[in-house]
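Just so it is clear, none of the values below were taken in a lab; they were calculated from the coordinates. Treat the numbers as computed from the prediction; the structure is a model and nothing was measured. So basically every Cβ, Gly included, is an ideal-geometry build from the backbone, and we count neighbours across all protein chains shown.
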Amino acid sequence: MRKHIQGVRGMNDLFPDTTRVWQHVESVLRETGWLYGYQEIRTPLLEKTQLFSQSIGGDTDIVEKEMYTFVDQGKESLSLRPEATASTVRACIQHGLLHNRQQRFWYLGPMFRRERPQKGRYRQFHQFGIEAFGWPGPDIDAEIIRVGERILRALGVGGITLEINSLGSESSRARYRRALTGYLVAHQADLDEDSRNRLERNPLRILDSKNPQTRRILAGAPVLRDYLEQAEKLHFAQLRTMLEDCGVHYLVNDRLVRGLDYYTGTVFEWTALELGAQAAVCAGGRYDGLVESRGGRSTPGIGFAMGLERLIELVQLHGSAENPVQADIYVIDTTGDHAPSVRRAEALRDAGMRVISHCGGGKLANQLKRADQSGAILALITGERELELGVVQAKPMRQNTGQIELPADQAVAWCRDYLENFATTGNET
Ligand code: HAM
């Protein structure tokens, strides 16, 4: 026997009991995007490697260690997308979507990062993201955060904390970086190794450190907020007021810096303790310099991305995961001639009912067992006697009412009435 080839580590197969939850969550995501006037954008899974290295930053973990990169037959370096903000910006510039226009987009799809797999961290994972281009003020920041909030509420996901911060412009951040580096260099010997390595290249990321000793040192470090320009402080203060006005709870976290280089100004992240080490379920922020740095006309941008695997884990823990039944009707046939049952199943589908046909025949008891497992509300049964008399048996599977014999030509109308009635009263019986 040939050796079985396993799937790639950190890339998941999803089966119907889970894809049902995914479909429910995806429909809430799409609906919420549309509620706020965001439209779908789809970009390729592969982009030129440079797009990501130049947008996300060459010194970031994503670009340094985590991209799936290869040289194709045309000797071009391509990478599987690790996120979709860079691709969205690329597509907008390439197709002139930002010329004198503001845009609101959403996207949903797989992303790829070669991280060390663990619960909640995968090498192929899925994001739902939104991006808004052309609005410089805090009102769009508040809108973007409200979209995230509404999604989490619609899915009934609780126990989540929203943290916000402002990173300021590049020049404020450069001043802060100098002050922070000066402070940390004085404590260099006591920093953990990772942080020492970051000191020159990306000192702001040290603020993220989980090392207890480094965190003690950070407690006395200068704070970014003190280095913001007046206008940046005002933007942040206005955002806070807008969030408070619509009852969005948040914490200000001075240490929230995010792991991608394109951010400017507002950044935010929702975390859920229940998710354990990989607690971030949604994160984003402003990237006012990205469009220009990619060759477009200077255009402010802001967005977020939600990790679907983490979101779905929370929905399964205590959210409202609808578990729709697979079928309305299960068609059972114990005769030698299945043609009338097949025609009836098609007629039921024409009338909008979801129908599973028991293909392959077999004993009535076995077919009924399958009907029960399918979750169907009704079973329609045809045996030799029914075939001869031109009738069918309708067996309610979810109510304690007896089986009913129907003239075959009335079955479709009867089933439709039964299902309509079941939808309004079924749960009460
Ligand atoms: P990010 O923080 O890198 O931001 O990812 C956003 C979310 O994707 C995370 O909070 C997490 O839920 C999920 N995620 C990231 N990596 C993994 C992984 N390996 N396995 C499972 N889930 C993961 C971005 O990607 C930005 N593009 C967000 C953004 C959009 N900022 C502005 N617009």
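Some values worked out for this structure:
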item	result
Region 183-300: translational diffusion in µm²/s, Stokes-Einstein, Kirkwood Rh over Cα pairs, 37 °C, 0.692 mPa s	199
Within-12-Å neighbourhood charge of Gln367 [Cβ basis; K, R +1; D, E -1]	+2
FRET efficiency, Glu274 to Arg30 (Cβ-Cβ, R0 30 Å, nearest 0.05)	0.75
Cα convex hull volume per residue for region 30-143 (Å³)	134
Acute angle (nearest 10 degrees) that the helix 308-318 long axis makes with the longest principal axis of the chain, alpha-carbon atoms	60
Theoretical FRET efficiency, 1/(1+(r/R0)^6), r = Cβ-Cβ of Lys48 and Ala219, R0 41 Å, to 0.05	0.45
Percent RCO, i.e. relative contact order, over the chain, from Cα pairs under 8 Å lying at least 6 residues apart	15
Net length gained if the chain between Leu14 and Asn197 were fully extended (0.36 nm per residue, minus Cα distance)	62.0 nm
Distance between modelled label sites at Tyr183 and Asp61, nm, 7 Å Cα→Cβ extension	2.3
Cα-based equivalent ellipsoid of region 1-76: semi-axis lengths in Å, sorted from largest, via gyration tensor	29, 26, 13
For the chain, Kirkwood radius (reciprocal of mean inverse C-alpha pair distance, Å)	25.3
Burial ordering of His358, His95, His4, His318, fewest other beta-carbon atoms within 10 Å first	His4, His95, His318, His358
Ellipticity estimate at 222 nm from DSSP helix runs (n ≥ 4, -39,500 (n - 2.57)) divided over the chain, nearest 500	-11500 deg cm²/dmol
In nm, spacing of pseudo-spin labels at Cys359 and Trp414 (7 Å Cα→C-beta vector)	2.8
Under 21 Å, Cα to Cα: Lys pairs in the chain, sequence gap 8 or more or different chains	7
Size of electric dipole in the chain: Cβ of Lys, Arg +1 and of Asp, Glu -1, about Cα centre, debye, nearest 20	1260
Full-stretch length increase - Thr425, Leu317 - with 0.36 nm per residue and alpha-carbon distance subtracted	36.0 nm
Cys246-Ser171 FRET efficiency (beta carbon distance; Förster radius 41 Å; 0.05 resolution)	0.80
Descending semi-axes in Å of region 32-85, equivalent ellipsoid built from Cα gyration tensor	26, 15, 8
Over region 111-199, relative contact order from alpha-carbon pairs under 8 Å, at least 6 apart, %	12
Stokes-Einstein D in µm²/s, Kirkwood radius over Cα pairs - region 324-385 at 25 °C with 0.890 mPa s viscosity	213
